[in-house]
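*Asks:* Dropping the structure in here first, questions after.
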Amino acid sequence: MSAWTSDALSRIGSADELRLSSFRPDGTLRPYVIIWVVRVGDDVYIRSAYGPGNGWFRRAQASGTGRVKVPGLEQDVTFVAPAPDAHAAIDAAYHAKYDRYGPGIVNTVVGPDVVAVTLRLVPQD
C-alpha cells in the first residue's frame, strides 16, 4: 500500500469535508457523499456518524475501495481498519477539528461507539 504525499495530507487536513465514493462491482463509482475527515500524523480516517447501517459505510466496507475528493486532490483509496490503539488520537483529531460545531454533532463521531465504524483511507498508486 502507498503512503499519502505531504501535499495530499495538507489538503485533506485543511478540508472541512471530504467527498467519498465507493466502487460498484462493475468498477463504476457510486455517487459521492460528503463526510468529515481527520488526519492523524500520516494517516487519514473517516467515521460513520450514524452507525454501521449508514449506506456509504456499508458500501465502502463491501467494496473495499473507492475515491475521495477535496479541493485540489482526487485519489483512489483502499478502506482498511485502523490499528486498535489509534482511536484515542482519532477522537482527539475530531475534537480539534470539529468541536466548533458543538458536542451534539461531534459526539456522533467520537467515543467507543464509533470504533467499529472507523476506516483508515490508504491511497492507491
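*Asks:* For the range 14-32, name all the residues that are over 14 Å from Gln75 (Cα atoms), more than 11 Å from the chain's Cα centre (by Cα) and surrounded by fewer than 17 Cβ atoms within 10 Å (Cβ to Cβ).
*Replies:* From the range 14-32, those over 14 Å from Gln75 (Cα atoms) are 14-17, 24-28, 30-31; that's our starting set.
Filter once more, so that each one left must be more than 11 Å from the chain's Cα centre (by Cα): 14-16, 24-28, 30-31.
Of everything in the range 14-32, those that are over 14 Å from Gln75 (Cα atoms), more than 11 Å from the chain's Cα centre (by Cα) and surrounded by fewer than 17 Cβ atoms within 10 Å (Cβ to Cβ) turn out to be Ser14, Asp16, Arg24, Pro25, Asp26, Gly27, Thr28, Pro31.
*Asks:* Go through the range 61-81 and give me each residue that's surrounded by 17 or more Cβ atoms within 10 Å (Cβ to Cβ) and hydrophobic (A, V, I, L, M, F, W, C).
*Replies:* Answer for the range 61-81, where residues must be surrounded by 17 or more Cβ atoms within 10 Å (Cβ to Cβ) and hydrophobic (A, V, I, L, M, F, W, C): Val68, Val70, Leu73, Val77, Phe79.
*Asks:* Identify the single condition in (1) exposed (fewer than 12 other Cβ atoms within 10 Å of the Cβ); (2) over 15 Å from the mean Cα position of the chain (by Cα); (3) under 21 Å from Asp125 (Cβ atoms) that Pro84 does not satisfy, given that it satisfies every other one.
*Replies:* Condition (3) is where Pro84 drops out.
*Asks:* Now a separate question. Here are some conditions: (1) more than 14 Å from the chain's Cα centre (by Cα); (2) surrounded by 14 or more Cβ atoms within 10 Å (Cβ to Cβ); (3) not hydroxyl-bearing (Ser, Thr, Tyr). Gly104 meets all but one. Which one does it not meet?
*Replies:* Of everything listed in (1) more than 14 Å from the chain's Cα centre (by Cα); (2) surrounded by 14 or more Cβ atoms within 10 Å (Cβ to Cβ); (3) not hydroxyl-bearing (Ser, Thr, Tyr), Gly104 misses just condition (2).
*Asks:* Between Gly41, Gly72, Gly51, Gly64, which is at positive phi, small (Gly, Ala, Ser) and modelled with pLDDT under 95? Reasoning before the result, please.
*Replies:* Numbers: Gly41 fails: modelled with pLDDT under 95; Gly72 fails: modelled with pLDDT under 95; Gly64 fails: modelled with pLDDT under 95.
After ruling out the rest, the residue left standing is Gly51.
*Asks:* Another one. Which residue is surrounded by the most Cβ atoms within 10 Å (Cβ to Cβ), if the candidates are limited to the range 113-124 and must be part of a helix (DSSP H, G or I) and touching a Pro at 6+ places or on another chain (Cβ under 7 Å)?
*Replies:* So the first thing to find is which residues in the range 113-124 are part of a helix (DSSP H, G or I), and the list is 113-117.
With touching a Pro at 6+ places or on another chain (Cβ under 7 Å) added as a condition, the list becomes 116-117.
On the way: Ala116: 12, Val117: 18.
Checked the range 113-124; the qualifying residue surrounded by the most Cβ atoms within 10 Å (Cβ to Cβ) is Val117.
*Asks:* Here is a further query. Name the pairs whose Cβ atoms lie under 8 Å apart, with the first residue in the range 1-30 and modelled with pLDDT of 95 or more, the second assigned to a loop (DSSP other than H, G, I, E, B) and small (Gly, Ala, Ser), and 6 or more positions between them or separate chains?
*Replies:* Close Cβ pairs (under 8 Å, with a partner that is assigned to a loop (DSSP other than H, G, I, E, B) and small (Gly, Ala, Ser)) amount to Arg11/Gly72.
The values are calculated or read from the model by the stated rules, or taken from the named source; none is laboratory data. Keep in mind the model is a prediction, meaning the values are calculated, not measured. Cβ sites come from the backbone with ideal geometry, for glycine too, and all protein chains shown count toward neighbours.
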